Amino acid sequence: MAISSSLAKVIKDIKTLKIQGSQEAAEAALRAYALAKDKESAAELLMSARPTEPMLFNALRAAQSGADPFELIKKFREDRKKIAEFGAKLIPQNSRIFTHCHSSTVVDVLKQAKKQGKSFEVHNTETRPKFQGRITATELAKAGIKVCHFTDSAVMVAMAGADLVLFGTDWISEKGVANKIGTAGFAEIAHLYYKIPVWICSHSWKFSEAQIEIEQRDPKEIWPNAPKRVHIHNPAFDIADAKFITGVVSELGILEWKTFIKKMKNKENGRL
């Protein structure tokens with residue numbers, strides 16, 4: 001099937017992570033869908049570009065059901081501001097926050113807390129092999145927030161003394177959340193070892209009860225010229241167990257985990 005060069009570019013940019021973040025991918029997909037002539041085929045191709053993005057799936061399904069793609073984009077951006085406002089309430093004065101990878105939602109929360117005059121520092125991990133943690137560190141530093149940057153394997157040191165953990169996510173279900181590889185272990189360390197709260201900052205549109213497939217990325221991202229007989233495993237995500245998660249900060253407010261899940265299971269029946 002022949003597709004336009006603009007649609008092909010969006011699909012490629014989502015697949016190769018040139019377009020970072022769940023909301024950014026969903027918005028790019030909605031714009032491409034709106035401009036496509038063959039909308040059903042475009043939706044199918046866009047959904048397959050990144051199989052771990054329920055927000056992209058849910059947004060395109062809503063558009064297929066008649067929602068205006070550009071109104072959805074507007075809503076997502078308004079919701080993101082709400083999440084930042086809610087999330088900033090969680091940041092204590094003179095505190096230390098730990099985060100991993102790059103979540104535009106988490107960055108928004110921390111920037112909002114800074115705007116409110118709160119004093120805090122952020123410890124974050126580099127997030128191999130694509131180093132998305134460097135994006136987080138750069139954005140926070142530009143906002144005037146003190147950042148201490150660590151290798152992923154230094155997480156025990158990085159998390160020491162933290163008051164809370166903030167993670168973004170690509171997928172939420174009753175079982176837990178899927179986020180960049182390392183999140184599952186970090187959530188367990190926070191909950192069991194350091195006994196500090198783990199909050200997920202996310203649009204509710206990332207909720208899905210569908211099974212998620214953990215994307216296996218190109219081994220060359222880790223070791224381009226690995227010796228023969230060395231097999232490289234490069235999972236993009238892992239799933240943090242719900243029992244290690246305190247709750248979710250979404251456009252719906254600050255909700256304990258079970259309360260959020262209950263709301264979403266009721267909401268999903270009517271929306272998705």
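Condition check for Phe260 on (1) assigned to a loop (DSSP other than H, G, I, E, B); (2) in contact with a strand residue (DSSP E or B) (Cβ under 9 Å, 6 or more places away or on another chain); (3) aromatic (Phe, Trp, Tyr): one failure, at (1).
Take segment 35-61 and flag every residue that is among the polar types (S, T, N, Q) and assigned to a helix (DSSP H, G or I). Give the derivation first.
Our first condition is that a residue be among the polar types (S, T, N, Q); within segment 35-61, this holds for 41, 48, 52, 58.
Ser41, Ser48, Asn58 - these are the residues of segment 35-61 that are among the polar types (S, T, N, Q) and assigned to a helix (DSSP H, G or I).
When Phe57, Phe131, Phe76, Phe70 are checked against the criterion of being at pLDDT 95 or above, of a type in the set (Phe, Trp, Tyr) and buried (at least 19 other Cβ atoms within 10 Å of the Cβ), a single residue qualifies: Phe76. For segment 156-184, a residue qualifies if it is part of a loop (DSSP other than H, G, I, E, B), over 10 Å from the mean Cα position of the chain (by Cα) and touching a residue at least 40 places away in the same chain (Cβ under 8 Å), and the qualifying residues are Gly161, Ala162, Asp163, Glu174, Lys175, Ile181, Gly182. All of Glu174, Glu139, Glu126 fail the test of being touching a helix residue (DSSP H, G or I) at 6+ places or on another chain (Cβ under 7 Å), surrounded by fewer than 16 Cβ atoms within 10 Å (Cβ to Cβ), in the same structural domain as Leu252 (by TED's automatic domain parsing) and within 28 Å of Leu56 (Cβ to Cβ), apart from Glu174. Count of segment 198-226 residues, restricted to those that are within 27 Å of Leu255 (Cβ to Cβ), among the basic types (Lys, Arg) and assigned to a loop (DSSP other than H, G, I, E, B), is 0. Residue selection: Ala34 satisfies the criterion of being farther than 30 Å from Gly176 by Cβ, over 15 Å from the mean Cα position of the chain (by Cα) and either in the same structural domain as Trp171 (by TED's automatic domain parsing) or not acidic (Asp, Glu) (or both).
The conditions of being under 20 Å from Ile200 (Cα atoms), among the β-branched types (Val, Ile, Thr) and touching a strand residue (DSSP E or B) at 6+ places or on another chain (Cβ under 8 Å) are met by Val122.
Can you pull out every residue in segment 227-257 that is of a type in the set (A, V, I, L, M, F, W, C) and either within 20 Å of Phe186 (Cα to Cα) or assigned to a helix (DSSP H, G or I) (or both)?
Listed by number, the residues that qualify are Ala236, Phe237, Ile239, Ala240, Ala242, Phe244, Ile245, Val248, Val249, Trp257.
Scanning segment 14-32 for residues that are surrounded by fewer than 21 Cβ atoms within 10 Å (Cβ to Cβ) and assigned to a helix (DSSP H, G or I) yields Lys15, Glu24, Arg31.
The values are calculated or read from the model by the stated rules, or taken from the named source; none is laboratory data. Keep in mind the model is a prediction, meaning the values are calculated, not measured. Every residue, glycine as well, gets a Cβ built from its backbone with ideal geometry; the counts of neighbours run over all protein chains shown.
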